[in-house]
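The values are calculated or read from the model by the stated rules, or taken from the named source; none is laboratory data. Note that the coordinates shown come from a computational prediction; the quantities given were computed from them, not determined experimentally. Here Cβ is always computed from backbone atoms with ideal geometry, including for glycine, and neighbour counts include all displayed protein chains.
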Amino acid sequence: MTSSTLDVRMAALPGTTLERHILDRQRRAPGATGNFSGLLQQIALAAKIIGSRVRKAGLAGVLGLTGDVNVQGERVQKLDVFANNTMVSCVEAGGHVCVMGSEEVADPIPVPPEYPKGKYVLLFDPLDGSGNIDINASIGSIFSVYRRLTPGQGPGGLRDCLQPGRDMVAAGYVIYGSSNMLVYSTGGGVYGFTLDPSIGEFFLSHDNMRIPTRGRTYSVNEGNYHKWSPSVQGWVDWLKSPEAPGGAYSHRYIGAMVADLHRTLLRGGIFAYPADEKNRSGKLRLLYEAAPFAFIIEAAGGAASTGSGRVLDVTPEALHQRVPVFVGSAEDVDEATRMIA
Ligand code: AHG
Ligand code: MN
Ligand code: MN
């Protein structure tokens, strides 16, 4: 190939597409069948559809509540339902999954009888931070993928969904922010892709993301301060005191885990949702929120703890189980767990 052909080629592609990135990695993985690549493509399609709807939410009449309350006891937003249904319809026909689980749906979501059942399980929070929808602040989607446990090629079930995070195959999130990004990991590294809206394609923008070993911010709903245990109060008091390493930490809290942890991944620091006297196990859901982010942040060199152990070592007993979380830079998480022990 002459150098001029090469120049022309480089100019033709603005960067590495998500599809190309997945395929390149698949070719290097011995025994890969392409099933995982196919599944990720369908998730990316769902992300584009959800992102496009989020962008025009104020015009499309999809702001506000449906009037229903979900399995979590939370008021359901119209976009929660749209995002949930989009993810299910993009994935169910692909033949890659045997069952799905969603924060918005009480029971495991079966694959309809007319479609083939695959070897993977997909769990997701279709829209995270839905309280931010109506105020035009960042929201996201979170997903994780496991191998099925039930043998054969029939439908999967609850057992397939209740796996500890350490057995996860992949996890990712999408942030609908000032730009839309998809970040995913299969454990080896963490890769971020930014949507080019003029082309409708995700391009690699953040290669091999690493979280700083220590940050300068803490991210927690401090309105819960008086409901926390004295040890959690003491830890936060210390973080904002001059005794904290490098001096008092800054406080940042968007109220959407995706947005708060995206910042934490890029800048370092710690995000927490501790247990409190109202939420005895914290607020965040193990399978849809805590475990996927624990997987991503660990893969980026950080840590994720429940306060008494690794988030990824918790074996779920129920689909919608909650868990306290302390996630972020390794040194910050280490200090938090020592101080609240
Ligand atoms: P969701 O919108 O999926 O229900 O999640 C909201 C979660 C999470 O994104 C965020 O970190 C947390 O709720 C915020 O809770 P508080 O409002 O209690 O701080
Ligand atoms: Mn959520
Ligand atoms: Mn949600």
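Quick rundown of the values:
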quantity: Selected residue (only one of I254, I199 is within 16 Å of ligand 1 (Cβ to nearest atom), among the aliphatic types (A, V, I, L, M) and not in a helix (DSSP H, G or I)); calculated: I254
quantity: Residue check, S179 over 22 Å from P316 (Cβ atoms) and without any contact (Cβ under 8 Å) to a residue 40 or more places away in the chain; calculated: yes
quantity: Residue selected from the stretch 260-271 under the condition outside any helix (DSSP H, G or I) and more than 15 Å from ligand 2 (Cβ to nearest atom), by the criterion nearest to P212 (Cα to Cα); calculated: G268
quantity: Looking only at the stretch 30-80, and only at residues there that are among the charged types (D, E, K, R) and assigned to a helix (DSSP H, G or I), the one that is surrounded by the fewest Cβ atoms within 10 Å (Cβ to Cβ); calculated: R55
quantity: Any hit, the stretch 107-129, residues being within 16 Å of ligand 2 (Cβ to nearest atom), farther than 22 Å from P164 by Cα and assigned by TED's automatic domain parsing to the domain that holds I49; calculated: yes
quantity: Every pair of residues 6+ apart whose Cβ atoms lie under 6 Å, when the first sits in the stretch 307-331 and is in the same structural domain as Q233 (by TED's automatic domain parsing) and surrounded by fewer than 20 Cβ atoms within 10 Å (Cβ to Cβ) while the second is part of a loop (DSSP other than H, G, I, E, B) and of a type in the set (K, R); calculated: E331/R214
quantity: Number of the exception - G188 against (1) part of a loop (DSSP other than H, G, I, E, B); (2) more than 17 Å from L265 (Cα to Cα); (3) out of contact with any strand residue (DSSP E or B) (no Cβ under 7 Å at 6 or more places or on another chain); calculated: (2)
quantity: Breaking point among (1) more than 16 Å from ligand 1 (Cβ to nearest atom); (2) more than 20 Å from the chain's Cα centre (by Cα), for C161; calculated: (2)
quantity: Selection count, the stretch 299-338, where residues are assigned to a helix (DSSP H, G or I), touching a strand residue (DSSP E or B) at 6+ places or on another chain (Cβ under 6 Å) and closer than 16 Å to R214 by Cβ; calculated: 5
quantity: Within the stretch 273-299, tally of residues that are modelled with pLDDT under 95 and either of a type in the set (K, R) or not assigned by TED's automatic domain parsing to the domain that holds D260 (or both); calculated: 2
quantity: Some residue of the stretch 305-319 being within 15 Å of the chain's Cα centre (by Cα), within 14 Å of ligand 1 (Cβ to nearest atom) and not aromatic (F, W, Y); calculated: no
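Residues are listed down the side, and each one gets a yes or a no for (1) surrounded by 24 or more Cβ atoms within 10 Å (Cβ to Cβ); (2) outside any strand (DSSP E or B); (3) within 14 Å of ligand 3 (Cβ to nearest atom):
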{"position": "L123", "(1), (2), (3)": "yes, no, yes"}
{"position": "G131", "(1), (2), (3)": "no, yes, yes"}
{"position": "S141", "(1), (2), (3)": "yes, no, yes"}
{"position": "D160", "(1), (2), (3)": "no, yes, no"}
